[in-house]
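All remarks here apply to the structure that follows.
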Amino acid sequence: MLSALLCGSCNLCSENYKIVLPEGKVRADLHNHLRTFSTMKNFNGYIDHALTVLEKGGILGVVNFSDARYEEFVSLKGYERVKVGNGNAYYVPEKDILFVKGQEVETNGGHLLAIGIPSGEHLSDHRTIEDTIKEIKDVNGLVVIDHPFYLDGILTDADNFKFLREVDAIEIWNGSANLFIKTPQLVNLKPMPR
């Protein structure tokens with residue numbers, strides 16, 4: 001996925017700007033809602049934390065969820081940043097961190113992440129999985145199944161396994177989403193309040 005993320009096959013890269021990746025693996029957190037963002041609003045603090053966790057060359061996904069927190073984050077004062085592509089990613093040279101726009105989209109069958117969609121673009125919620133995947137690809141975003149086995153995860157329904165060939169990635173760990181497999185006895189349970 002990271003090769004697709006940075007190879008020019010989506011909106012993240014431009015002909016005028018090339019990101020040199022270190023050899024080996026790149027650490028990325030593509031599903032970050034900046035939970036303390038509403039009270040902290042500290043651009044440098046988040047970038048410094050991303051550097052601590054992801055190291056130089058890391059990629060941080062700043063994910064909207066029925067809001068515009070990525071766009072607000074970009075507008076904060078702080079470290080110098082270089083706009084990449086159409087503003088759906090920014091590079092912070094001083095810290096060697098790339099942050100990219102994402103959106104968590106609620107479908108009628110669970111949640112999907114749209115990574116690398118244009119700044120200012122807000123995808124529609126509550127549509128079919130098929131329509132949502134198409135909409136994400138229509139704006140050159142990457143499709144990620146997030147928290148696949150959580151209550152609102154797409155892969156809790158075996159009928160949705162057919163979408164595995166249409167996505168670019170699957171989130172393999174999410175610290176705030178537990179494992180949940182639907183069984184006939186549990187299908188009518190509601191998620192517990194957070």
How big is the antiparallel share of DSSP beta bridges in segment 19-136, given as a percent to the nearest 5? 55 percent
In segment 45-103, what percentage of the DSSP-assigned beta bridges are antiparallel, given to the nearest 5? 55 percent
Using a Förster distance of 45 Å, how high is the FRET efficiency between residue 161 and residue 77, based on the Cβ-Cβ distance and rounded to 0.05? 0.50
Counting Lys +1, Arg +1, Asp -1, Glu -1, what net charge surrounds residue 88 among other residues with beta carbon under 11 Å of its beta carbon? 0
Charge tally in the Cβ shell below 10 Å around residue 34, where Lys, Arg are +1 and Asp, Glu are -1, residue 34 excluded: +2
Going through 56/101; 95/134; 83/134; 101/137 one by one, the pairs whose alpha carbons sit over 23 Å apart turn out to be 95/134; 83/134
To the nearest 20 debye, what charge dipole does segment 95-159 have about its Cα centre, counting +1 at the Cβ of each Lys and Arg and -1 at the Cβ of each Asp and Glu? 300 debye
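No value in this document is a laboratory result; all are computed from the given coordinates. Predicted model, so just to flag it, every value in this text is computed and none were measured. Cβ sites come from the backbone with ideal geometry, for glycine too, and all protein chains shown count toward neighbours.
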